[in-house]
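Reading through the C-alpha cells given below for one structure.
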Amino acid sequence: MGTPMNRHERVLVLLLRLDGSIMLTALIAALMPFAWMKDIHRFLGIGELPDLPIIGYLTRSLSLMYAMHGAVVLFLSLDVRRFLTVVKLWLS
C-alpha cells in the first residue's frame, strides 16, 4: 500500500466528498415533477416559473449537469494523489 495521507490530503478528500455529495442532491430536482418546481420557485419569491417546454428542459438539464459534476468530484476524492492534477484542473 502507499504512505498514509497527510492532513492536507485528508482535508481535500473531506471537502471533495462534501462538495460532491451536495452537488448530487441536484438529482432530486432533475426527477421532481415540474409542478413542484413551480411551487418552490413561487415559495422562494422569485415569481412565477413559466410553464414552457424549454424551461423544463433547461432546469432538468442543469440539475443533471450539477449531479454529474458531483459524481465526478466524488470519484476524484477516491484517490487524490493519483488524480491531483485533474483535481487542480477541475477546481480551478
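Looking only at residues that are in contact with a helix residue (DSSP H, G or I) (Cβ under 9 Å, 6 or more places away or on another chain) and in a loop (DSSP other than H, G, I, E, B) in segment 64-81, which one is farthest from Leu14 (Cα to Cα)? Selected residue: Arg81. Looking at the structure I just gave you, is Ala30 of a type outside the set (Val, Ile, Thr) and closer than 17 Å to Met68 by Cα? The answer is yes for Ala30. So, in segment 33-63, of the ones that are of a type in the set (A, V, I, L, M) and in a helix (DSSP H, G or I), which residue ends up farthest from Ser21 (Cα to Cα)? This residue is Ile54.
If you go through segment 44-92 one residue at a time, how many are touching a Phe, Trp or Tyr at 6+ places or on another chain (Cβ under 6 Å) and loosely packed, with under 11 Cβ neighbours inside 10 Å? Number satisfying all stated conditions: 0.
So that you can scan it fast, the table gives a plain yes or no per residue for (1) more than 8 Å from the chain's Cα centre (by Cα); (2) in contact (Cβ under 8 Å) with a residue 12 or more places away in the chain; (3) within 25 Å of Lys88 (Cβ to Cβ):
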position: Phe34; (1), (2), (3): yes, yes, no
position: Lys38; (1), (2), (3): yes, yes, no
position: His41; (1), (2), (3): yes, no, no
position: Gly45; (1), (2), (3): yes, no, no
position: Glu48; (1), (2), (3): yes, no, no
position: Pro53; (1), (2), (3): yes, no, no
position: Ala67; (1), (2), (3): no, yes, yes
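Looking at Leu14, Leu18, which is the one that is over 12 Å from the mean Cα position of the chain (by Cα), outside any loop (DSSP other than H, G, I, E, B) and under 28 Å from Ser92 (Cα atoms)?
Leu14 is the lone residue from the list that is over 12 Å from the mean Cα position of the chain (by Cα), outside any loop (DSSP other than H, G, I, E, B) and under 28 Å from Ser92 (Cα atoms).
Just a yes or no: is a residue in segment 3-13 of a type in the set (A, V, I, L, M) and either open to solvent by 90 Å² or more (accessible area, probe 1.4 Å) or farther than 30 Å from Phe83 by Cα (or both)? Looking for residues that are of a type in the set (A, V, I, L, M) and either open to solvent by 90 Å² or more (accessible area, probe 1.4 Å) or farther than 30 Å from Phe83 by Cα (or both), one finds none in segment 3-13, hence no.
The values are calculated or read from the model by the stated rules, or taken from the named source; none is laboratory data. Given the structure is predicted, the values throughout are model-derived calculations rather than measurements. Because the Cβ atoms are built from the backbone with ideal geometry, glycine has one as well, and the counts that use them run over all protein chains shown. Accessible surface is based on the protein model in full, side chains and every heavy atom, while ligands, DNA and RNA are left aside. Shrake-Rupley method; radii C 1.70, N 1.55, O 1.52, S 1.80 Å.
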